[in-house]
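Taking it in order: structure first as structure tokens, then the write-up.
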Amino acid sequence: MMGDNDAKKKGDILEKGIKIVDSGNTEIKVNYLISDKGGQGDVYHVSYKGKDYALKWYCKHPDDVIGGAQHTTITKICGENKKPGPEFIWPLFLVTEANPVNGKQFGYLMEVLPKGYYEMEDFLRMDGDSKKVGFNSWNSMLVAGMNIAAAMQKLHLKGLSYKDLNPKNFMFNPENGSVLVVDNDNVSVDGDLCSVKGTKGYMAPEIPRSNYKRNPSTKTDYYSLAVVLYRLFFIDHPMEGKAWEKYPLCTDQVEDYLYAAEPIFHFDPNNDSNRPTDVYAPNATARWKVIPSEIKTLFVKSFTEGVNDPNKRVPENAWITELSKSRDKLIRLNPQREQFVNFSDKRSVPPRCLGMKVHNNQIALYPQKAIYQISVDGNVHQYANISAGVVYDKNQDKLVLRNLTNKVWRHFCPVTKKLTDIGKGQQCPLFPGVMIEFQREKPKIVGEIFDPTK
């Protein structure tokens, strides 16, 4: 039998029989309520022109009506042609009550969320929580970080800013690190006035410092992006630590002080007053020891110089580049174990592991290692494109590199002093002194193989 609480789960549209139409007065069939937990409205499963969609229906604030500020924002960004990229669950069609006039309710249609994705907040849950989700590998986590940065870059290149970037805006596939960006209805043209200022702990400090009079922008998005990425890798919040023990009662004023007025990064190299504790930031210390220096350097910059100077904040390109360099040092020792190779610490180098230097980057070479285009030519837009694979050849007792591109590379053997062409699908042996010419024309790109134990 359906109880009173279950009956309420139909939602206002179905309970009240509200007719929903598009701009051409075509009716949208409302199938069932997906969620009524949102702060702005309810989400329904609907059918429209032979396809299934999710409908976000604004119904929780009296100002969110036709003619209001939220309606104006959605009108400006709505449409497939305004969608920054495929990872955005974007407002596609604006819909209203029948016979729409100012003051009536409205909403928008978006794609239905695909299966296999989990909210970022589920990845931040405490150990032992039955709802906790984890990535299946460090590689997937690094890919998720690059995907977040790339998504924000697409948004900003469209002349938009997110305004309220926080973990609730992301969903991840834990198997491969693919990302969905959700709750995009606070996105607006960069520089436009907006009522949304952000979420405490994620908004840039200058916003609370201005008594919330300052508007979010691309530069404030950069700060929020750094906090989101930090929590992706460390779970804990970067500004929480020992300093919080002084305030047993965490009021809004205390949060404004510790997150915005006087935030102290818990790994600030020049200030140890807010180091992680077992209560505040219990995961950070162990993970800080494992994470490669490339990523740590960016976080230190973001949460020291970048706190007070928006021009010192880390843009998306830098995140993608350094996360990629960290991935270059990640190898899989066996199906259950991955490891970051630290070329300055010979103890971290397992047997058979070689290194390849390309420009100022060093790549760990190990069986089943993928070499990405960004690692060869620095193209941040190709961070997901694999250029080569490393396998172990038992007959030669050597690692070999397989060309997976359409380009012809050249292999220089230090023993024979000969150059050999390596076409698509062909492979060449790797040992110290070997050079791989990835690109002959300027700029010339050469990878030099070295023994990281010497």
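The values are calculated or read from the model by the stated rules, or taken from the named source; none is laboratory data. Keep in mind it's a predicted model, so treat the numbers as computed, not measured. Here the Cβ is made from the backbone with ideal geometry for all residues, glycine too, and neighbour counts use every protein chain on show.
Being closer than 30 Å to Asn215 by Cα, at pLDDT 95 or above and of a type in the set (Lys, Arg) is true for just one of Lys301, Lys329, Lys325. Which residue is that? Steps first, please.
Numbers: Lys329 fails: closer than 30 Å to Asn215 by Cα; Lys325 fails: closer than 30 Å to Asn215 by Cα.
None of the other options fit; the residue is Lys301.
Could you figure out which of (1) modelled with pLDDT of 95 or more; (2) surrounded by fewer than 16 Cβ atoms within 10 Å (Cβ to Cβ) isn't true of Ile295?
(2)
Of a type in the set (Val, Ile, Thr), at pLDDT 95 or above and either surrounded by fewer than 22 Cβ atoms within 10 Å (Cβ to Cβ) or part of a helix (DSSP H, G or I) (or both) - does that describe any residue in region 145-162? Full working, then the answer.
Narrowing region 145-162 to residues of a type in the set (Val, Ile, Thr): 148.
Okay, now just the ones that are also at pLDDT 95 or above, so 148.
If we keep only those that are either surrounded by fewer than 22 Cβ atoms within 10 Å (Cβ to Cβ) or part of a helix (DSSP H, G or I) (or both) too, we end up with 148.
So far as region 145-162 goes, yes, one or more of its residues are of a type in the set (Val, Ile, Thr), at pLDDT 95 or above and either surrounded by fewer than 22 Cβ atoms within 10 Å (Cβ to Cβ) or part of a helix (DSSP H, G or I) (or both).
Could you grab me the full set of residues in region 20-78 that are in a strand (DSSP E or B), exposed (fewer than 15 other Cβ atoms within 10 Å of the Cβ) and acidic (Asp, Glu)? Break it down into steps so the answer makes sense when it comes.
From region 20-78, those in a strand (DSSP E or B) are 20-21, 27-35, 41-48, 51-58; that's our starting set.
Checking which are exposed (fewer than 15 other Cβ atoms within 10 Å of the Cβ) leaves us with 27, 29, 31-32, 35, 47, 51-52.
Glu27, Asp52, listed by residue number.
The conditions are (1) within 24 Å of Arg209 (Cβ to Cβ); (2) in contact with a helix residue (DSSP H, G or I) (Cβ under 6 Å, 6 or more places away or on another chain), and Ile295 fails exactly one of them. Which is it?
(1)
Does region 168-218 hold any residues that are more than 27 Å from Ser140 (Cα to Cα), outside any loop (DSSP other than H, G, I, E, B) and either touching a His at 6+ places or on another chain (Cβ under 7 Å) or among the basic types (Lys, Arg) (or both), and which are they?
Listed by number, the list holds a single entry, Arg209.
For residues that are charged (D, E, K, R), surrounded by fewer than 20 Cβ atoms within 10 Å (Cβ to Cβ) and out of contact with any Asp or Glu (no Cβ under 8 Å at 6 or more places or on another chain), tally how many sit in region 184-204.
Looking only at that region, the number is 2.
Need the failing condition index for Leu109 against (1) in a loop (DSSP other than H, G, I, E, B); (2) crowded, with 17+ Cβ neighbours inside 10 Å, just the number.
(1)
Give me the residue from region 299-314 that is basic (Lys, Arg) and surrounded by fewer than 22 Cβ atoms within 10 Å (Cβ to Cβ) and, out of that set, nearest to Ser217 (Cα to Cα). Full working, then the answer.
First, pick out the residues of region 299-314 that are basic (Lys, Arg): 301, 312-313.
When the remaining residues are screened for being surrounded by fewer than 22 Cβ atoms within 10 Å (Cβ to Cβ), the result is 301, 312.
On the way: Lys301: 19, Lys312: 15 Å.
Among those residues, the one meeting the criterion is Lys312.
Just one of Phe431, Phe438, Phe412 is assigned by TED's automatic domain parsing to the domain that holds Ala384, modelled with pLDDT of 95 or more and touching a helix residue (DSSP H, G or I) at 6+ places or on another chain (Cβ under 6 Å); which is it?
Details: Phe431 fails: touching a helix residue (DSSP H, G or I) at 6+ places or on another chain (Cβ under 6 Å); Phe412 fails: touching a helix residue (DSSP H, G or I) at 6+ places or on another chain (Cβ under 6 Å).
Going through Phe431, Phe438, Phe412 in turn, the sole match is Phe438.
Picking from Ile386, Ile371, Ile363, which residue would you name as being in contact with a helix residue (DSSP H, G or I) (Cβ under 9 Å, 6 or more places away or on another chain), without any contact (Cβ under 8 Å) to a residue 24 or more places away in the chain and among the β-branched types (Val, Ile, Thr)?
Details: Ile371 fails: without any contact (Cβ under 8 Å) to a residue 24 or more places away in the chain; Ile363 fails: without any contact (Cβ under 8 Å) to a residue 24 or more places away in the chain.
On inspection, the qualifying residue turns out to be Ile386.
When you go through (1) in a loop (DSSP other than H, G, I, E, B); (2) closer than 17 Å to Tyr223 by Cβ one by one for Ala260, which number turns out not to apply?
(1)
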